[in-house]
Every structure is written in structure tokens, then in C-alpha cells.
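Structure first, then comments.
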Ligand SMILES: [Zn+2]
Ligand SMILES: [Zn+2]
């Protein structure tokens, strides 16, 4: 019997057995103990469980009519007691609308990750900063990048035979030369190499080698949980397999991957190779692809992962705990519905993600 019901039964029983003093005392003490234990249980149940979820705040496909679809990516990651905003999408007004639609409070964040310099990931930044100007931001360290940088002045050759007015800094440069950021006032911390920024939360820093994005540095978010690594990728310009290869160094069990895989114009054999690597080699439990993953890749991943492929359109909240399939939005019969598909293609055609070598690849793909 449920101890809380038992306690009510004992209270009634206590009234009947008033004749025996000992029984009454026993009943009172027993009831008090059980009531106390029920109260404790009640307060434990009342405490909100720590969420382990990812909410997609910016993408070009989705089913939530209160939100605006646009090319780009942003997600709120709530996990291990942390609230992390991963990227800010392409447009501050659209980010503002989508954040409001989901009731997300961007003033309460542990930190923000700006994955890479592309506008469809950092364009909404001014909206974030207007709400939360002090928030800690991690961004990739690049030479002369939009996030700011510095270099020792000894990097350039000097010529002491020149008059001072022909020399940089009149011939007396500062030891460290600082270069500005497109986000003045923001508290940006630059990440040069893979770094555990708080216990269990690692930013994987890799550099792209793909045509069009050579030398672009990108950060991916890897969170070590009791269920394995939850990995959030932005555009995967360095290659999603390369990112996963880094993540397994933290924990060989990859539980969940969300975000963009940048296989928009990839041909079927390349797509199948990636899907097989994630499923067969890395044995990724769950996949929730979005953004620049690409339509044929959505289909291929859904085929390979089956039930463990989770629909991740704009507005979806993905449970990333022990059983994501049961808790997440499961209306994933069609990866993209007809109208959605049209919108995704229109937004893609206008996006930066086709400019980095993709447009040329798309043209060549059509010729073949
Ligand atoms: Zn990108
Ligand atoms: Zn992108």
C-alpha cells in the first residue's frame, strides 16, 4: 500500500483503538513519521527536475506558426544545470520574435557560444546584447576575425633606415597589436584550441579545410552527461566526422547530435558515408539534424537512424536525456512537409551557406 494512504488508514485506526494508550502513542508516532516522509517526498517531487533539452530558436524549416523561419541557426541548450545559447541566427528581429514565441529568457544564461563568423550564426547578436550586455561569450580565435584578435608586433619585418613617419607606429609599435571586433562592448573570450570551459562542457575548436571556407575556425559544443556526449554543431565546416572524432576523445559514447552538418550539395555516396560513419562506427544514439544538413541528408539520416532520428525543425524542443525518443516532439512522419520544403529551398537559395563553394558545387551537380 502507498505509505501516504497507509498513514490515513492508521489515523482512522488510531481513533478506533483509543482504549489502549500504547496503541494510540504508537499510531501517533507512526503516523507522524509516515506523514513526515510523505511531506519530504512531496517537496522532492515539487522541485523542478533539471532539464536536459535543446530548443531550436532559429532555422529555415519548422511547424510552429508563431515563429519565423529564416536561414541560420540558434538553439538554447539546457543541460547539466547550465543554460547556454548556441549561436544567434541571421537577423535580430527574427531572433527576438522566435525567442518570445518560445518564452525563452535570454537574460538568464550561463554563457553564449558564437560558433563561427558566418552571418547566419552571428547576425542576431545585437538582440542578445541589448538584453544581456554582460553575458560571457565564447568565439573562435582567428587572425583578423570579426571577434577581435591580437598579434605580437614582432610578426612584421622592420626597416630602421626609414624615417619615423614612414614606419608603423613611428617605429615604436606596442608589444601586442590589438585588432577590433564587430561587437564592441561584448565580453568575448576567444577560444584557440579545444577547451573545457566549465566542468563537463567542452568547446571543440577545429578549422575547415573545405573549398570556400579554408581556414575558417568553428566551435562545436560537447557536453558530457551520464548518458554520453550531447554534441551541438553549427555548420560542421570542418566536417561532422572530424568533430565527432574530437568528441569521442572526451567520451567514446556519443548520445545525441543536433545542428547543421553542411551536406547541402553533397552527392549521395558522400552522404551515405557520413550517415554510416555516425551510425556504424561512432554508434551515435540519437540524431537531430537541422540547418545546413541538406534535404537528401535529412532523408538519408532518417533512413539509417530510424526511430533514433528526431525531427528538429524551428521551435522543436528536443529532450536529450536518457530517452529522447519518448520525450521529444515525435511528429516526424515526414522530415519536411510540402510547404516547409518550399520555404527551406527558398531561404537556402538566398543564404551564405551556398556561397562558400556550394553554389559552384550545386551548378556542377546539375551538369552531371
Ligand atoms: Zn557557416
Ligand atoms: Zn550556417
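Since every read-out is calculated from the coordinates, none of them should be taken as a lab result. These numbers come from a predicted model, not from an experiment. Heads up, the Cβs are rebuilt from the backbone with ideal geometry, glycines too, and the neighbour counts pull from every protein chain shown.
Please work out whether segment 226-302 counts as rounded, prolate or oblate from its C-alpha gyration tensor, where a ≥ b ≥ c are the square roots of the eigenvalues and a/c under 1.5 means rounded, while otherwise a/b larger than b/c means prolate and anything else oblate? Walk me through the intermediate numbers first.
On the way: a/c = 1.75, a/b = 1.61, b/c = 1.09.
The shape class here is prolate.
Kirkwood Rh, Cα Rg: Rg to Rh for segment 134-189?
A ratio of 1.12.
Once you order the gyration tensor axes a ≥ b ≥ c over the Cα atoms, which shape class does segment 207-261 get: rounded for a/c under 1.5, otherwise prolate or oblate by comparing a/b with b/c?
Taking the square roots of the gyration eigenvalues as a ≥ b ≥ c, segment 207-261 is prolate.
Once you have the Kirkwood Rh of segment 80-162 from its Cα pairs, apply Stokes-Einstein at 20 °C and 1.002 mPa s and quote D in µm²/s.
146
From the square roots a ≥ b ≥ c of the eigenvalues of the alpha-carbon gyration tensor of segment 212-350, which class results: rounded (a/c under 1.5), prolate (a/b over b/c), or oblate?
It is oblate, given that a/c is not under 1.5 and a/b is not larger than b/c.
Pulled fully out, how much extra length does the chain show between residue 338 and residue 130, if you take 0.36 nm times their separation in residues and subtract their Cα-Cα distance?
71.2 nm
Give me the number: length gained by fully extending residue 349 to residue 245, i.e. 0.36 nm times residue separation minus the C-alpha to C-alpha distance, one decimal in nm.
Additional length available on full extension: 34.3 nm.
Quick one: which of 238-244, 219-225, 174-180 comes out on top by average Cβ neighbours within 10 Å, and what's the full order, highest first?
219-225, 238-244, 174-180
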